[in-house]
1. Can you run down the residue pairs with Cβ atoms below 6 Å, 6 or more apart or on separate chains, where the first is in the stretch 87-98 and buried (at least 19 other Cβ atoms within 10 Å of the Cβ) and the partner is at pLDDT 95 or above and in a loop (DSSP other than H, G, I, E, B)?
2. Could you check the stretch 235-246 and list, in sequence order, the residues that are open to solvent by less than 90 Å² (accessible area, probe 1.4 Å) and either among the acidic types (Asp, Glu) or free of Cβ contacts under 8 Å to residues at least 24 places away in the same chain (or both)?
3. Go through the stretch 247-286 and tell me which strands (runs of 3 or more DSSP E), entirely inside it, have 3 or more residues that are open to solvent by less than 40 Å² (accessible area, probe 1.4 Å) and in contact (Cβ under 8 Å) with a residue 24 or more places away in the chain.
4. Inspect the stretch 12-33 for any residue being modelled with pLDDT of 95 or more, closer than 19 Å to Leu136 by Cβ and assigned to a helix (DSSP H, G or I) and give the result as yes or no.
5. Here are some conditions: (1) over 22 Å from Asp19 (Cα atoms); (2) at pLDDT 95 or above. Thr390 meets all but one. Which one does it not meet?
6. Within the bounds of the stretch 35-57, is there any residue that is of a type in the set (D, E, K, R), out of contact with any Cys (no Cβ under 7 Å at 6 or more places or on another chain), at pLDDT below 95 and within 21 Å of Ala166 (Cβ to Cβ)?
7. Among the residues of the stretch 331-362, count how many are part of a helix (DSSP H, G or I) and modelled with pLDDT of 95 or more.
8. So which of Ser70, Ser161, Ser106 ends up being out of contact with any Phe, Trp or Tyr (no Cβ under 6 Å at 6 or more places or on another chain) and free of Cβ contacts under 8 Å to residues at least 40 places away in the same chain?
Amino acid sequence: KLTIKDVDLKGKKILMRVDFNVPLDDKLNITDDTRIKATLPTIQYALSEGAGKIILMSHLGRPDGKVVESMRLNPVAKRLEALLGEKVKKTDDCVGENIKKDIEASREKIILLENLRFHAEEEANDAVFARQLASLGDLFVNDAFGTAHRAHASTEGVTHSLTSVAGFLLEKEIKYLGESLENPRKPFVAILGGSKVSDKIGVIENILPKTETIIIGGAMAYTFLKVQGINTGSSKIEKEKLDLAREILAKAKGINKEIVLPIDHIIADKPSAGAKIKITQDVSIEDGWFGVDIGPKTQKLFKDILKTAQTVIWNGPLGIFEIDEFSQGTKEIAMFLSGIKAMTIVGGGDTAAAVTKFGIENKITHVSTGGGASLEYMEGKELPGIAALTNK
């Protein structure tokens, strides 16, 4: 695919899709600006190459096609201004003749359009709406990996009208996630956690033949332990996925791949803060208790496997990491990964949040900015926002 470095930006109006869907508190203050920071290199490069105007478009939250005052992008414009040290013009809408005039008259080089999802046509990938967006620029840059798995007007629709290239963030995501899956340095180990087997089935099936070992933790491990006749107490089980877990274990055995499950657990009398907790002696969990994290023996087992790995992909926490008492397993593995010499890739969403919480995001080779997008990429699916870009 073409990237921003393959095209001439001088004097051009650059229409750029970014992912500024950032968390806000009750007072509309941004609580985490990682996603804004992640697109700065692309914006700064366009400025340095003499782009005429840079027109940024993003969504924020789920306004369902209506104007929701608390979901306006004003706080984002302010933060972007502070980070860039450049004035940012924020418009009241994202399409229409008035917006075109605003862009033409703007003395600021950087213009942030209002929340795309105030228009239902955005998520519907409406062709007329997409053409209205496209008419604002001379060239389209997609730097929003977090929305690349959605065929929306601003990710797929606009590409029918403009030469479309990847920004640095999108290019980096394709490089690390793509390379690690297509041509990983061996041994290749995948760590999968989180609460549901159903969320990770596609990933397991796609990467099982490519990895040497899949480590499974988090609540999804209890479903796999259950099918082996192990008592899992009151832990979360996906009853309708038991047969599937059995099939996955048999398939792994059939192609000589290793699926490694916890051998001990941190258990609690309730899966919430302030619970009574203890460590199990072995793999079984007594009735009335909930598995909430991996135990110390499991931490050691997982580390022993990861010691020799050359490529590690991790998606999904290994316990209820949001609660400090249940976060030790996720923290231990995260800290261990930050110190090994392998290529380490963390899928977005909760795992990225965990790595940030423990302050080691700079010691991981690549932390993905897209939760759903990185999962679908790991499943081997084609992402519409990437597929639609102009080929080299």
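The values are calculated or read from the model by the stated rules, or taken from the named source; none is laboratory data. All of these numbers come straight from a predicted model, not from anything done at the bench. Glycine gets a Cβ as well: all are built from the backbone with ideal geometry, and neighbour counts include every protein chain shown. These accessible areas exclude ligands, DNA and RNA; they are computed on the full protein's heavy atoms, side chains included. Shrake-Rupley method; radii C 1.70, N 1.55, O 1.52, S 1.80 Å.
1. Pairs that qualify, where the first residue is buried (at least 19 other Cβ atoms within 10 Å of the Cβ) and the partner is at pLDDT 95 or above and in a loop (DSSP other than H, G, I, E, B), are Lys89/Ser106; Lys89/Glu108; Thr91/Leu113; Thr91/Glu114; Cys94/Leu113; Cys94/Glu114.
2. First pass over the stretch 235-246, keeping only residues open to solvent by less than 90 Å² (accessible area, probe 1.4 Å): 235, 237-238, 241-242, 244-245.
Within the stretch 235-246, Ile237, Glu238, Leu242 qualify.
3. Values: elements: 258-260, 265-268, 277-279.
Ranges flagged: 265-268.
4. Within the stretch 12-33, not a single residue is modelled with pLDDT of 95 or more, closer than 19 Å to Leu136 by Cβ and assigned to a helix (DSSP H, G or I).
5. Evaluating Thr390 over (1) over 22 Å from Asp19 (Cα atoms); (2) at pLDDT 95 or above leaves (1) as the failure.
6. So far as the stretch 35-57 goes, yes, one or more of its residues are of a type in the set (D, E, K, R), out of contact with any Cys (no Cβ under 7 Å at 6 or more places or on another chain), at pLDDT below 95 and within 21 Å of Ala166 (Cβ to Cβ).
7. In the first step, residues of the stretch 331-362 are kept if they are part of a helix (DSSP H, G or I); the result is 331-337, 350-357, 361-362.
Filter once more, keeping what is modelled with pLDDT of 95 or more: 331-337.
So the answer is 7.
8. So the residue among Ser70, Ser161, Ser106 that is out of contact with any Phe, Trp or Tyr (no Cβ under 6 Å at 6 or more places or on another chain) and free of Cβ contacts under 8 Å to residues at least 40 places away in the same chain is Ser161.
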